[in-house]
Structure formats: C-alpha cells, structure tokens
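The values are calculated or read from the model by the stated rules, or taken from the named source; none is laboratory data. Please read these numbers as outputs of a predicted model, since none were measured by experiment. Please note: Cβ atoms are built from the backbone with ideal geometry, for glycine as well, and neighbour counts cover all protein chains shown. Side chains included, ligands, DNA and RNA excluded: accessible areas come from the protein's heavy atoms. Shrake-Rupley method; radii C 1.70, N 1.55, O 1.52, S 1.80 Å.
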Amino acid sequence: MNFGDLTVKKHRLEIGGCDCKELAEKYGTPLYVFDVCRCEKTAKAYVDILKREYPDFTVCYASKAFSCVGIYGILAPLGLGADVVSGGELYTALKGGMSASRIYFHGNNKSESEIKYAVESGIQGFVVDSEREIELITKHATSPQNVLVRVNPGVEAHTHRFIQTTLTDSKFGFSIADGTAERFISSLTGKKNIRFAGIACHIGSQIFEKQSFEIAIDKMTDFIVRLNGLGISVERLDLGGGYGIHYIENDRPLTPEQYMTNTARYLKSAVEKRGIKPPMLIVEPGRSIVGEAGITLYSVGAIKTIKDVKTYAAVDGGMFDNPRAMLYEAQYTAVVCDKADIAGDTKYSIAGKCCESGDILIDGVMLPELKSGDVLAVLSTGAYHYSMASNYNRNFVPPTVAVKRGRSAYMIKPQTYEDLVRNDCVPDFEEDAQ
C-alpha cells in the first residue's frame, strides 16, 4: 500500500510525526489533519523547478483546494502567489499574509462588490471571463488594471467530465476555435483602465498524463501567434493547474518535478518554434500541493451486515465533510489507524451519518475486521474537503489540526452548536413594517 509521506510504526499510522489514533483521542472525530512539512515540500518543488527551468514565472496556489488563513501563512513565505475566485478567498488570502501584488482574481461571474474590493486591494490582475467584468472593472478602477482573458483551447483532458473545463460547452472561457476569444481581446484596445496582459486557460483537474498539457501549450502558443499578427502582444501565459495526485493504489500521477520540467521545456520549445517572445509562465497548482498532505480521521459507530449483500460500517462523518464521493464518484484509500499495514480480510461499505442513502464514502474496501470505536483514516483528503464541507443535517464542519515534526495545533477550530445558529433569526414582520 502506498502511504506517501505517512509512516507506520508497530501497525499504527502516523502523520507529521503524530500518532493518528492519539490525535483522534485528543481532538475528537471527524477530524481533518494537515501535514505542514508535506505541503511545504511540494510547494517548494514547484518554485525550485521553475527557477531552474523557466525563471520568468509565478506559482499561484489555487485557493479553492483549501482556503483558510493558515494555508497562506505557510505558502506566502515560500514565494507563492494565489489564485482566488471570490471575495471571501481574497479576504482570507490577505488575512493570511499573502501580498495583494501576487494575487490573481479568477471566476466566471465576479460580482460588482467583489471587483470593487479587488481593485481597492491592489491585486496583481483579473482573469476575465465575461464582457460584464470589463464594464465593472472600468467602473471602479482609477488606474490601469492588468487583465488576462480566460480562453477555451478545446483540450479534452482524461478526467471526470464534471471537472473537465475546456469542453465545447464549458461555462468557462472564450472559445479560440470559433473566433470569440480573438474578437473579445481585440475589443479591449482603448478601454479605460484596462491593460491587456495575457491569456489564461485551465483544462481540468486530476490529470495524470503530460500530453494534455502539451496540447494546451500548442494551442495557446498558436493563439499567441494569431494575436501577435493583429498587433497584440501577450506578456503572460497562465496554464492553470490540474496536476493529479494519488488517491488509490492504481493512480499513477507524475511528480511536481515531472509536471513542471515537462511544461517548462515544452513551452520553451513551443515559443522558439513559433518565433514568439517567451511569455511569463503562470501555473496554479492546488490539489497537488495540499491533497496528499491531508487525511481525515473518523470513528466507527454502527456496523450492519445485510446477509449475502454487504456489510456497512458507519462513521461519524459523511457527505457533509466529503461531498466528492457523491459528486464525482471519487475513490479513496482507507486504513484502520492501529492496524494500518495489516491486510484486510473483510469487505465494508463505509457509510456516512447523513440522512441520504447515497451517503457512502467508500463502497467495498477491504479492511481488518472492524468494531465500534475503531479509528479510520481516509487518505489524501487535503484538497476539496474542508473547502466543500457543509453543515448539512446541522452537522459540524470538522476542525483542522496541523501537524509538524511531532507537534499538533488547531489550524481551524471546532464549531459549536451556537455557531450553527449564530446567524439564524425568527422573522418579525410587524417590527419590519414599522
């Protein structure tokens, strides 16, 4: 079994030098646990490889993967910027110490208040995805704003259809194929306080093969040639992210070193072949920085066997802390924390506690025989778990504990019942009428 940077000592799973079962006893379950050193190592790899292979670059952390004050405090000192897609992510990034000058604001439907806030914050630039955004930026900007235009290069990456983002009918980007992107970019000339700085794309998520990224580079550099022919220079090329990670035994992702080395060298070759000026390269890893740095700990509760059908082991989490299993049919590796390297002999369906028949976290996992009270660890949950969590059924979003060299501390504190009702109120229509 592939445990990545996790370790097993005397059958007991450890993360960041901390015993997982002891973490569950100390902090309770369900519990997100985040390995700071693993995160730092991966983020630093992206920066270091590009320094060597393509020095004119920016690594922007894709905030949607895991956004909290602490993550920016970890990544900003390593030289990363941030990609944000909401006012909330922007606010969190700034609170976490990320410089506004290293932040790009993405999203296909930014609100007017978000654009105004971003302008006032002095962000590095907007990745624009609609004509309306240009109008709103012009309305609120008092100085030229860097604008990258998101385009759709039409690359079909081999990943789940819900996370492919450059299909013909995608909600993201202006199409290169039908000329929409070219016409939109041409229309920006002379716009008040709009400075066209480059183009951006993002072909999908959880991509294992390099070919999809190479095709994207070819299509984007071909488009740069077309824009240059119209007298439009392209200063920056944002290739997005989408780098895959290891969830289950059969997954074969490339390493950050492999992803970046191939991207940098292929881009250098592509611009040389086309005779265009090398653009600044922007990449946006998110999942690949935080995904394998996180695990989720659960306590096993009810165990129910349906004769000749299956055995359910219910845990104290579920779709409220991990909706990906239902949304994307995402698959995971799970181990019993004090029997982590012991081969499983019983097949279980790990069920959540929500009032939904489809609340199944893992269907058909082989584990040692379970009993109520066992602590289960689900691996590679650092990305898109806390970010997508909810209070469905009025459950708590689990807290996050950071671990580093044998020490542990809250990164996100636990919720309370009072937190669940803090913003609730009983409408008083008579008072409103007065």
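Provide a single number: the residues in the range 184-234 that are assigned to a strand (DSSP E or B) and open to solvent by less than 10 Å² (accessible area, probe 1.4 Å). Spell out how you get there, then give the answer.
Residues of the range 184-234 assigned to a strand (DSSP E or B): 194-200, 204, 207.
Adding the requirement that they be open to solvent by less than 10 Å² (accessible area, probe 1.4 Å) leaves 197-200, 204, 207.
Number satisfying all stated conditions: 6.
Picking from residues in the range 235-257 that are of a type outside the set (S, T, N, Q) and open to solvent by 60 Å² or more (accessible area, probe 1.4 Å), the one that is farthest from D5 (Cα to Cα) is E235. In the set (1) in a strand (DSSP E or B); (2) of a type in the set (A, V, I, L, M); (3) open to solvent by 90 Å² or more (accessible area, probe 1.4 Å), V403 fails one condition alone, (3). Among residues of the range 384-401 that are within 14 Å of Y417 (Cα to Cα), those with a beta-carbon under 6 Å from a residue that is of a type outside the set (F, W, Y) and buried (at least 24 other Cβ atoms within 10 Å of the Cβ) at least six positions away or on a different chain give the pairs P398/P30; P398/L31; P398/D321. Counting only helices (runs of 4 or more DSSP H) that fall entirely inside the range 85-160 and contain at least 3 residues that are charged (D, E, K, R) and open to solvent by 10 Å² or more (accessible area, probe 1.4 Å), the qualifying elements are 112-121, 131-140. When the residues of the range 9-23 are filtered to those that are open to solvent by 50 Å² or more (accessible area, probe 1.4 Å) and assigned to a strand (DSSP E or B), the one that is nearest to P368 (Cα to Cα) is R12. When the residues of the range 321-347 are filtered to those that are under 26 Å from the mean Cα position of the chain (by Cα) and of a type in the set (V, I, T), which remaining residue is nearest to S380 (Cα to Cα)? This residue is T333. Which residue is surrounded by the fewest Cβ atoms within 10 Å (Cβ to Cβ), if the candidates are limited to the range 45-84 and must be assigned to a helix (DSSP H, G or I) and of a type in the set (G, A, S)? The selected residue is G73. Is it true that some residue in the range 407-416 is open to solvent by less than 30 Å² (accessible area, probe 1.4 Å) and aliphatic (A, V, I, L, M)? So far as the range 407-416 goes, yes, one or more of its residues are open to solvent by less than 30 Å² (accessible area, probe 1.4 Å) and aliphatic (A, V, I, L, M).
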